[in-house]
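Below is one structure; the comments refer to it alone.
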Amino acid sequence: MYYKLSVNQLLLTIRPEILSRVNTLDLNIPSSRCNDAVNSLLQRTVLLGGKRLRPLLTYLMGDLFSLPLNRIDLAARSIEQVHAASLSHDDVVDGATTRRGRPSINQLAGNQKAVLAGDYLLADLIIQLTEEGNLQLVTEMASIIQALALGEWLQLDIANDRTVDQEKIEQVARYKTASVMSWCCVAPAYLAGLEDSLISLCREFGECLGMAFQLMDDTIDFQHDSLKDINLDIDNGVLNMVIFHWLEANPDAKERFRQGEELVSLITPINLGEAVEAVKQQAGGYLERGQKLLHQIGALYVQQDQNKKHPQFANKMVPLFTIIDYLGGRES
């Protein structure tokens, strides 16, 4: 059972210094190596707005491990940039027309420039990480970029082959969302020089949050007030987890879909209620695992005596547990 928390309620649990860092995080590409037109397009589209949950989680994990906030800036900025780059590519692949209630990047600049802008952003963040001199971070980010490409590829295969397979749909979520969220927990662990056992726990914790985030996102897509194109997945024949559960519960529709009938003619939002609830339960399972992992992370960190000089350690865990509650009750 998770409390339905607003963003403002979540923010009340977080130190003002961290909130200030998140809110003032500079996502501009350094002018010394950026074409102004590319940067302007990115700032008006995929880098505009958003709740900045990923940078927030990155700062909170770094703070948990007693890193100075300025040591976390690059990791926090990088994950928001790679997410934005993936959005610029996804909007082209999905044929999106809006993003966060505004025209999508491909609508403003066309498909070619949207793809090039995403590529440019990916290249720049790799340059920034390389200049940091931490090979572990560069390798981790390269793996995430690879996972994002594989996730989009697999999602296209599922749509084209009309594959109704839960394992494959979950794998898409792991590639496209869990990989990104894992960075928020793993990068601070690397920066803090933690042992492999703790890094592994942090990685799995981030992956659980990412899986829950994506599953809850699948349910939100079918709310009438969603800022995304209404039922874009259905229109594109993309099988997310809600659609999968609905097809499993409706064998006739599942067979008609496999024979070539379009999803848009089979499914309407009003008959997806049970499937939405099933996916919320699935997300809850990942969040329960995440709670256990966070307890394990705290216990192991204490055991290794790395927090003796930081009596506020327990308080630093509170916003992380609150994020779990927030994700479990998320409706937007």
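The values are calculated or read from the model by the stated rules, or taken from the named source; none is laboratory data. A quick note: this is a predicted structure, and the numbers were derived from the prediction, not measured. Note: ideal-geometry Cβ built from the backbone for every residue, glycine included; neighbour counts use all protein chains shown.
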Segment 73-100 residues that are touching a residue at least 12 places away in the same chain (Cβ under 8 Å) and among the hydrophobic types (A, V, I, L, M, F, W, C), paired with ones that are buried (at least 21 other Cβ atoms within 10 Å of the Cβ) and not in a helix (DSSP H, G or I) (beta carbon under 6 Å, 6 or more apart):
ALA84/VAL46; ALA84/LEU47; LEU87/VAL46; ALA96/SER104
Being touching a helix residue (DSSP H, G or I) at 6+ places or on another chain (Cβ under 6 Å) and outside any helix (DSSP H, G or I) is the filter here; which residues of segment 268-286 pass it?
LEU272
Within segment 246-279, which residues are crowded, with 17+ Cβ neighbours inside 10 Å, modelled with pLDDT under 90 and over 14 Å from ILE234 (Cβ atoms)?
none
Which numbered condition LYS176 misses (of (1) in contact (Cβ under 8 Å) with a residue 12 or more places away in the chain; (2) surrounded by fewer than 20 Cβ atoms within 10 Å (Cβ to Cβ); (3) under 28 Å from ARG258 (Cβ atoms); (4) within 19 Å of the chain's Cα centre (by Cα))
(2)
Taking LEU137, is it surrounded by fewer than 19 Cβ atoms within 10 Å (Cβ to Cβ) and touching a helix residue (DSSP H, G or I) at 6+ places or on another chain (Cβ under 7 Å)?
no
With segment 1-61 as the region, which helices (runs of 4 or more DSSP H) entirely inside it contain at least 2 residues that are modelled with pLDDT of 90 or more, of a type outside the set (Phe, Trp, Tyr) and surrounded by fewer than 19 Cβ atoms within 10 Å (Cβ to Cβ)?
16-23
Which condition number in (1) farther than 25 Å from ASN315 by Cα; (2) assigned to a loop (DSSP other than H, G, I, E, B) is the one that LEU67 fails?
(1)
Of the residues that make up segment 135-156, is at least one without any contact (Cβ under 8 Å) to a residue 24 or more places away in the chain, within 26 Å of TRP246 (Cβ to Cβ) and not in a loop (DSSP other than H, G, I, E, B)?
yes
